[in-house]
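Below is one structure, written out as structure tokens; comments come after it.
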Amino acid sequence: MVILQDADHTELFARLSATSLESGAEYLKSARQALGRLLADPAFLDNVRLERIPGGYTRNLIFGDARITVYAIVWAAGSQTSIHDHHCSCCYAMLSGALQESWYDRLDEAHCVKARTFMREAGEIACMLPTGPNLHRMLNTSDEEAISLHIYGYDHRTRASSIDCEYLAKALVEG
């Protein structure tokens with residue numbers, strides 16, 4: 001399914017989809033390059049109506065086929081994901097605004113502990129393969145909307161989302 005009607009961007013996503021069959025390192029390199037090209041073209045979403053949910057985040061399908069799904073995600077101020085892991089690759093670029101991304105270490109099948117936190121600013125690109133666990137949470141800590149572009153390695157027609165498992169955070173107790 002192609003949402004973007006622009007031939008250049010459709011071709012870019014089709015080429016990226018084809019590279020998803022290559023090794024993990026080659027695919028991530030291709031995904032970073034594709035996201036870099038899209039960041040260099042700030043008008044590429046101008047003809048796409050992005051839905052918004054007050055207080056939440058909204059996934060807007062941009063492109064999808066049997067191998068990859070691309071969403072523009074609009075993050076309202078204060079919105080956040082659960083702490084989760086992915087069943088597929090996950091690469092994203094910050095188009096506007098900023099998000100706090102926290103990484104977690106898995107303790108068991110249901111619990112984790114926060115390990116590191118990063119601020120992801122407009123123009124940044126991050127990628128991970130499903131070699132995990134790659135547990136993280138995304139949070140818009142600002143008073144402004146943020147928009148990110150996510151490329152996931154799955155077919156949106158056969159799965160509802162890229163999330164594999166959700167976790168609860170535990171505080172570490174110093175002994």
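Quick rundown of the values:
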{"quantity": "Residue in the stretch 39-48 that is at pLDDT below 90, of a type outside the set (A, V, I, L, M) and touching a Leu at 6+ places or on another chain (Cβ under 7 Å) present", "calculated": "yes"}
{"quantity": "Qualifying residues in the stretch 97-145 (those that are touching a strand residue (DSSP E or B) at 6+ places or on another chain (Cβ under 7 Å) and of a type in the set (Val, Ile, Thr)) - the one surrounded by the most Cβ atoms within 10 Å (Cβ to Cβ)", "calculated": "Ile125"}
{"quantity": "Unique residue being surrounded by 17 or more Cβ atoms within 10 Å (Cβ to Cβ) and among the aliphatic types (A, V, I, L, M) when the list is Ala171, Ala72", "calculated": "Ala72"}
{"quantity": "Residue that is under 15 Å from Leu135 (Cβ atoms) and assigned to a strand (DSSP E or B), where the choices are Glu101, Glu109", "calculated": "Glu101"}
{"quantity": "Members of the stretch 20-48 that are over 20 Å from Ala122 (Cα atoms) and more than 18 Å from the chain's Cα centre (by Cα)", "calculated": "Leu21, Glu22, Ser23, Glu26, Asn47"}
{"quantity": "Filter result for Ala93 (within 15 Å of Ala126 (Cβ to Cβ) and outside any helix (DSSP H, G or I))", "calculated": "yes"}
{"quantity": "Candidate set from the stretch 132-175 (those that are of a type in the set (Val, Ile, Thr) and either closer than 17 Å to Thr69 by Cβ or in a strand (DSSP E or B) (or both)); member that is modelled with the lowest pLDDT", "calculated": "Ile163"}
{"quantity": "Selection status of Ala72, of a type in the set (A, V, I, L, M, F, W, C), within 17 Å of Arg52 (Cα to Cα) and assigned to a loop (DSSP other than H, G, I, E, B)", "calculated": "no"}
{"quantity": "Pairs where the first residue, in the stretch 68-81, is on the phi > 0 side of the Ramachandran plot and the second is in a strand (DSSP E or B), C-beta under 9 Å, 6+ apart", "calculated": "Gly78/Leu139"}
{"quantity": "Residues within the stretch 150-160 that are within 12 Å of the chain's Cα centre (by Cα) and without any contact (Cβ under 8 Å) to a residue 12 or more places away in the chain, tallied", "calculated": "0"}
{"quantity": "Condition check for Ile62: within 25 Å of Ala169 (Cβ to Cβ) and in a strand (DSSP E or B)", "calculated": "no"}
{"quantity": "Count of residues meeting criterion [out of contact with any Cys (no Cβ under 7 Å at 6 or more places or on another chain), small (Gly, Ala, Ser) and surrounded by 15 or more Cβ atoms within 10 Å (Cβ to Cβ)] in the stretch 30-69", "calculated": "3"}
{"quantity": "Output for the stretch 9-46, where each listed residue is in a loop (DSSP other than H, G, I, E, B) and more than 16 Å from Tyr154 (Cβ to Cβ)", "calculated": "Glu22, Ser23, Ala40, Asp41, Pro42, Ala43, Phe44, Leu45, Asp46"}
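The values are calculated or read from the model by the stated rules, or taken from the named source; none is laboratory data. All values reported here derive from a predicted model rather than from experimental measurement. No Cβ is skipped: glycine too gets one built from the backbone with ideal geometry, and neighbour counts run over all protein chains shown.
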